[in-house]
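Novice: Following this message is one structure expressed as structure tokens.
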Amino acid sequence: MAKSGNSARQISDAGRRHARVAQVDDEMSSSKSPRVALIHATPVSMDPIHAAFASGWPNARTVNILDDSLAGDRALTPGLTDRMFERFATLSRYAFDAGADAILFTCSAFGPAIERAAQRLPIPVLKPNEAMFEAAMSSGATIGMLTTFAPSVAPLRDEFDEAASSREPKPRLVTVVVEEAMQALREGDVDKHNRLLAEKVGELGPCDAVMLAQFSTSRAALAVRAKVGVPVLTAPDAAVAKLRRLVGGDCT
């Protein structure tokens, strides 16, 4: 009986050692895979950024945080309220406390709130379009932007102008809003969304590059590229590339 008890203890000890080894392996694996929190104001932004990570940084571990009341609340006010600033600070802090190595907001109408939230955290916090703006300004002096959410235009223009202020000559931004494309997307008609954006790109006039503002519009990239002969940039791909540089995720 004693021998049987010793064997049981040995098996138990071996099991605990195996569990500890597995835990260490998991921790080492996690340390090689940075955790990126994706904060969304609408579900339609989720698929494009997931696709961008799958192709541009598959080793990253993404976590989704969705507050789908943000876009509707933003549309009700001409500007960002104090309460909205606090909501973004709360969302950012939650992501950080959950172990995020970086945060990417996928909602384009909240730039100042994202900037303030970023100041409170010791990790990279990106606005959705900042990396795309940088890439577009390297293409020339006249940049076109297609957007489907009118409240995003003013903060995006302010953000663009701030980024352009240090460049000479200063890039110029031309914007066309295609609100009916967003409605089509919400109704599940992706083809109509893409077609509407492609039809409107000509209204931008001559441009050195075209940006598809909002993550949701990146679905239309192929359709828009078929209509123009200049670079067509999407926010998700540019954001993933910049995050990977900032966090140091060079492994695949």
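The values are calculated or read from the model by the stated rules, or taken from the named source; none is laboratory data. Model, not experiment: these values are computed from the prediction. As a convention, Cβ positions derive from the backbone with ideal geometry for all residues, glycine included, and neighbour counts pool all protein chains shown.
Novice: Please work out which residue is surrounded by the fewest Cβ atoms within 10 Å (Cβ to Cβ), limiting yourself to the stretch 201-229 and to residues that are under 20 Å from GLU130 (Cα atoms) and touching a Cys at 6+ places or on another chain (Cβ under 9 Å).
Specialist: PHE215
Novice: Across the stretch 45-81, which residue is surrounded by the fewest Cβ atoms within 10 Å (Cβ to Cβ) among those that are aliphatic (A, V, I, L, M) and assigned to a loop (DSSP other than H, G, I, E, B)? Walk me through how you get there before you give the answer.
Specialist: First pass over the stretch 45-81, keeping only residues aliphatic (A, V, I, L, M): 46, 49, 51-52, 54, 60, 63, 65-66, 70-71, 75-76, 80.
Those still in the list that are assigned to a loop (DSSP other than H, G, I, E, B) too: 60, 76, 80.
On the way: ALA60: 19, LEU76: 8, LEU80: 19.
Top of the filtered list is LEU76.
Novice: Within the stretch 106-116, identify whether any single residue is among the aromatic types (Phe, Trp, Tyr) and under 25 Å from LEU146 (Cβ atoms), and answer yes or no.
Specialist: Within the stretch 106-116 (the criterion being among the aromatic types (Phe, Trp, Tyr) and under 25 Å from LEU146 (Cβ atoms)), the answer is yes, since at least one residue qualifies.
Novice: Let me ask something else about it. List the residue pairs whose Cβ atoms are under 7 Å apart, where the first residue sits in the stretch 214-225 and is in contact (Cβ under 8 Å) with a residue 12 or more places away in the chain and polar (S, T, N, Q), the second is surrounded by fewer than 24 Cβ atoms within 10 Å (Cβ to Cβ) and assigned to a helix (DSSP H, G or I), and the two are 6 or more positions apart or on different chains.
Specialist: SER216/VAL44; SER216/PRO48; SER216/LEU185; SER218/PRO48
Novice: Condition check: at pLDDT below 95, more than 24 Å from GLN183 (Cβ to Cβ) and outside the structural domain of ASP189 (by TED's automatic domain parsing). Does PRO112 satisfy that?
Specialist: Yes.
Novice: Say whether the condition of being of a type in the set (D, E, K, R), touching a helix residue (DSSP H, G or I) at 6+ places or on another chain (Cβ under 9 Å) and closer than 30 Å to ASP189 by Cα is met by at least one residue in the stretch 37-55.
Specialist: Yes, the stretch 37-55 has at least one match.
Novice: Quick test for you: out of LEU173, LEU146, LEU212, LEU121, pick the one residue that is modelled with pLDDT of 95 or more, under 30 Å from THR81 (Cα atoms) and in the same structural domain as THR42 (by TED's automatic domain parsing).
Specialist: Of LEU173, LEU146, LEU212, LEU121, the one residue that is modelled with pLDDT of 95 or more, under 30 Å from THR81 (Cα atoms) and in the same structural domain as THR42 (by TED's automatic domain parsing) is LEU121.
Novice: Can you name the condition, by its number, that LEU156 falls short on among (1) at pLDDT 95 or above; (2) surrounded by 19 or more Cβ atoms within 10 Å (Cβ to Cβ)?
Specialist: Every listed condition holds for LEU156 apart from (1).
Novice: If the requirement is being of a type in the set (Gly, Ala, Ser) and in a helix (DSSP H, G or I), which of these qualifies: ALA109, ALA95?
Specialist: None of the others qualify; the one that does is ALA95.
Here is a yes/no grid of residues against (1) buried (at least 24 other Cβ atoms within 10 Å of the Cβ); (2) at negative phi; (3) touching a residue at least 24 places away in the same chain (Cβ under 8 Å); (4) within 17 Å of the chain's Cα centre (by Cα):
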residue	(1), (2), (3), (4)
ASP101	no, yes, yes, yes
PRO112	no, yes, yes, yes
ASP161	no, yes, no, no
VAL176	no, yes, yes, no
GLU179	no, yes, yes, no
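Novice: Continuing with the same structure: Answer yes if at least one residue in the stretch 123-143 is among the aromatic types (Phe, Trp, Tyr), in contact (Cβ under 8 Å) with a residue 40 or more places away in the chain and not in a strand (DSSP E or B), and no otherwise.
Specialist: The answer is yes; a qualifying residue exists.
Novice: Something else about it: Looking at the stretch 124-143, which of the residues that are crowded, with 23+ Cβ neighbours inside 10 Å and over 21 Å from LEU38 (Cα atoms) is modelled with the highest pLDDT?
Specialist: ILE143
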